[in-house]
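Below you'll find the structure, written out as structure tokens, and then a few comments.
The values are calculated or read from the model by the stated rules, or taken from the named source; none is laboratory data. Computed from a prediction, not measured in an experiment: that's the story for all the values here. With ideal geometry, Cβ positions are generated from the backbone for all residues, glycine too; neighbour counts draw on all protein chains shown. Only protein heavy atoms, including side chains, enter the accessible area calculation; ligands, DNA and RNA are left aside. Shrake-Rupley method; radii C 1.70, N 1.55, O 1.52, S 1.80 Å.
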Amino acid sequence: MLQIKADIIGKEEVMPGVFNLILVSPEISRNARPGQFVHVLCPTDDGFMLRRPFSIHRVVPGRAFEILFQVVGKGTEALSRVKIHDTLDIIGPLGTGFKYSEDIRSALLIAGGLGVAPLLFLAEELVERQVLFYPMLGYKTKTQMLRYIDFKRLGKKTYAATEDGSFGHEGTVADLLNRTVHNIRPEIIYACGPVGMLKKISETADEFGIECQVSLETKMACGIGVCLGCACVTRRGYKMACKDGPVFNTRDILWGAEDYEKGLANGCGCDNEALSETDSAG
Amino acid sequence: MSVNLSVNLSGIKMKNPVMPASGTFGAGREFSELIDINRLGALVAKTVTLKPRDGNIPPRLCEVSSGMLNSIGLQNEGIDHFLKHDFPFMREFDVPIIVNIAGNSLEEYAQLCRELDRVEGVSGIELNISCPNIKAGGIAFGASSKLAEQVTAAARYNTQLPLIVKLTPNVYNISKIARAVTSAGADVISLINTMVGMSIDTNTFKPNLGNITGGLSGPAIKPIAVRMVWEVAQSVKIPIIGIGGISNALDAVEFFLAGATAIAVGTANFINPTTMTDIISGLEAYLVEKGFTDISQIIGKVKT
């Protein structure tokens, strides 16, 4: 891990309220693994603001990396106002990302809304490793189909669901998975999105005996494994999202426990935006 | 012109008066990748207990105006694990090591002190009698002058090492507690730990912390900490470590002026890992600018 001042060389509002930033860092671009995150000091006039964690969305090999975020609070609001050639104070790459064995042949990547953030980096990695994979993407509606084109270009066959039925399957990706999993038969499922969606996906994965890894979002303070603030409840005790995760194998996660539901940051009003800031369809 | 930042905390010799607050720096392992630990005045380990503790149910964190609430619950692997895995790492640095301990009972504090007293390389023991997030022990000892005196005496009886007692601000009369622990044999007082606070989600009507309440830290508590350091400095003669919302050199200077001999940085480490090293450089610059040559020239020099 490094603390750097990264130059912003690209900024795009990919849809209203959702931004993509390209940040220069040869080191982070070289060392980052899919599923890892960076901890960003948001440029605000507030005297006090914790860093915000963002999944590494994509890397420009040997040169830069990208983050994708939605404006959901003070931190992301400040971040949405940066200009090209501003610098951001960043610590990264952090956390434990997605794991894959050398002999893996087929994977299913499931994203809900902003959950595409860590999965696009993974998709590009899988292409490089010549792993066959199927993106399955859930959105609220047709006009909010974040990164659909990118996944369609990279994946073998892309599945989509919209809550209002304006594109693809009408309903959630969790439903879509239930309908299609017996046809796709992936060796492994990678997913990121709202906790309700992840829980349903893990149940389906269990039923079909498919390994499943998910990227969880929690509030973080230090981001480097010191404060023990981002605890997730697992079968092996409390694990820290910032160090043991944010990617966890679903066989370790205790979904049922009320503790766990409370442990995830969904909808918490304290305005510490969470990892990859999933905010939409499940 | 060079300035002297070195201080002596009742036998703990520090090359400068800046250290991390317990629990915000782990054993230094992670931060050692980001800063030069050898520049610090001391290392202060996260609280260790006799037995491992799981910590509290999440969520454990909540950012609030000018600070954050936490309810970690002293998650740690216990003293044996600490001595085997974390302490050897800390000893690799040329910096005094302060071990922070907490117990559920007087006997647990006593036993921890007995064990640490035998360990080579421990420069001092800090008694955490001020954690607001555990059910037994912790703050219960720090909120009563009688119990604070008893736990300090029990610790004092079991160690020759410099003994630091860390006080809670969640009391009406901090001077009374400070006098009690001093009379029981404390060598140094550190203050403040976090203030008990609460935050509620207005959508779900639920508390934002799994433990319902938690400890408030950060700039929000700094004026309270400065006031308490000043009050305690009037009441006792032993050195004080000032803690509470320190983010930069001028924050630190306020604590020195109030009467602290050293300062500890907590929550600010999470925002900027270089906070402590920046403060050390900033203190030098401040003293030079003001025409001082030694940090001792500003300690307790508030004009009231």
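Cα centroids of the stretch B:108-154 and the stretch B:48-101: how far apart, whole angstrom?
Centre-to-centre distance over Cα atoms comes out at 15 Å.
What's the longest piece of chain B with no exposed chymotrypsin sites (Phe, Trp or Tyr not before Pro), counting a site as exposed if DSSP puts it in a loop and it has at most 15 other beta carbons within 10 Å?
Details: sites that count: B:Y172, B:F205.
Excluding the exposed sites themselves, the longest stretch runs over B:1-171.
With every protein chain present, what is the per residue accessible area of the stretch A:2-94 (1.4 Å probe, Å²)?
Dividing the accessible area of the stretch A:2-94 by its residue count gives 38 Å².
Just give the residues from the stretch B:20-36 buried by at least 30 square angstrom of accessible area in the all-chains context relative to the isolated chain, probe 1.4 Å, and say none if nothing qualifies.
The answer is B:E30, B:E33, B:L34 - residues whose exposure falls by at least 30 Å² when every protein chain is included.
Please give the length that would be gained between B:K237 and B:E77 if that part of the chain were fully extended, namely 0.36 nm times their separation in residues minus their C-alpha to C-alpha distance (nm, one decimal).
54.0 nm
Based solely on its DSSP helices, what 222 nm [θ] is calculated for chain B when runs of n ≥ 4 H residues each add -39,500 (n - 2.57) and the sum is averaged over all residues, nearest 500 deg cm²/dmol?
-8500 deg cm²/dmol
How much accessible area per residue does chain B have, counting only protein heavy atoms and a probe of 1.4 Å, in square angstrom?
I get 38 Å² per residue for this part.
Between B:E289 and B:L106, what is the label-point separation in nm under the 7 Å Cα-to-beta-carbon projection?
5.0 nm
Which one of A:Q213, A:I184, A:A174 is farthest out on the positive end of the charge dipole of the stretch A:158-217, using unit charges on Cβ (Lys, Arg +1; Asp, Glu -1) and the Cα centre as origin?
A:I184
What's the percent breakdown of Cα-Cα distances in the stretch B:219-281 across 10 Å bins, shortest bin first?
25, 53, 20, 2
Could you list the residues of the stretch B:237-278 with an amide nitrogen less than 17 Å from a label point located 7 Å from the Cα of B:T304 in the Cα-to-C-beta direction?
Hits in the stretch B:237-278 for B:T304 at 17 Å: B:237-243, B:254-261.
Probe radius 1.4 Å, ligands and nucleic acids ignored: give me the carbon and sulfur share of the accessible area of the stretch A:22-114 as a rounded percent.
The value for the stretch A:22-114 is 48 percent carbon and sulfur by accessible area.
Per residue of B:62-71, what is the mean number of Cβ atoms on other protein chains within 10 angstrom of that residue's Cβ?
Taking all residues of B:62-71 together, the mean is 5.
Measure out, as a whole number of angstrom, how far apart the alpha-carbon centroids of the stretch A:56-84 and the stretch B:231-304 sit.
Cα centres, the stretch A:56-84 to the stretch B:231-304: 36 Å.
Treating cross-link reach as a plain straight distance, find the aspartates and glutamates whose alpha-carbon is under 13 Å from the alpha-carbon of B:K166, omitting any fewer than eight places away in the same chain.
B:E126, B:E149, B:D187
If you keep only loop residues by DSSP, which trypsin sites (Lys or Arg not before Pro) in the stretch B:148-237 have at most 13 other Cβ atoms within 10 Å of their Cβ?
In loop regions of the stretch B:148-237 (DSSP not H, G, I, E or B), the sparsely surrounded trypsin sites (Lys or Arg not before Pro) are B:K237.
Tell me the angle of helix A:116-128 to the major Cα principal axis of chain A, expressed in degrees between 0 and 90 and rounded to the nearest ten.
That works out to roughly 70 degrees.
Work out Dmax and Rg for the stretch A:2-94 from the C-alpha atoms and quote the Rg first, both in angstrom.
12.1, 36
Using unit Cβ charges (K, R positive; D, E negative) and no other charged atoms, how large, in debye to the nearest 20, is the dipole of the protein assembly as shown about its Cα centre?
Rounded to the nearest 20 debye, it is 500 debye.
Kindly state, to the nearest 0.05, the FRET efficiency for A:E77 paired with A:E13, given R0 = 22 Å and r defined as their beta-carbon distance.
Efficiency for this residue pair is about 0.95.
How long are the three semi-axes of the equivalent ellipsoid of chain B, in whole Å, if each is the root of 5 times an eigenvalue of the C-alpha gyration tensor, listed from largest down?
Each semi-axis is the square root of five times an eigenvalue, giving 26, 23, 20 Å.
Given Cα pairs under 8 Å that are at least 6 residues apart, what percent is the relative contact order of chain B?
Details: 725 pairs, mean separation 62.9, N = 304.
Taking the mean separation of contacting Cα pairs over the length of chain B, I get 21 percent.
How many square angstrom of accessible surface are buried between B and A, both sides summed, with a 1.4 Å probe and rounding to 100?
For B against A, buried area totals roughly 3000 Å².
Report, in listed order, any pair from A:K74/A:K199; A:K99/A:K152; B:K146/B:K222; B:K176/B:K237; A:K74/B:K222 with a Cα-Cα distance greater than 19 Å.
Over 19 Å Cα-Cα: A:K74/A:K199; A:K99/A:K152; B:K146/B:K222; A:K74/B:K222.
For chain B, with only Lys/Arg (+1) and Asp/Glu (-1) charged at the beta-carbon, what is the dipole magnitude about the Cα centre, in debye rounded to 20?
It works out to roughly 760 debye.
Give me the orientation-averaged projected area of the Cα convex hull of the protein assembly as shown, in nm², one decimal.
With every direction weighted equally, the projected area is 26.3 nm².
Placing +1 on the Cβ of each Lys and Arg and -1 on the Cβ of each Asp and Glu in the protein assembly as shown, which of B:F292, B:I271, A:T143 has its Cα farthest towards the positive end of the resulting dipole?
Checked the options; the winner is B:F292.
Could you list log10 I(q)/I(0) for the stretch B:160-235 at q = 0.16, 0.22, 0.26 Å⁻¹, which the Debye formula gives when each Cα is one point scatterer?
-0.66, -0.96, -1.16
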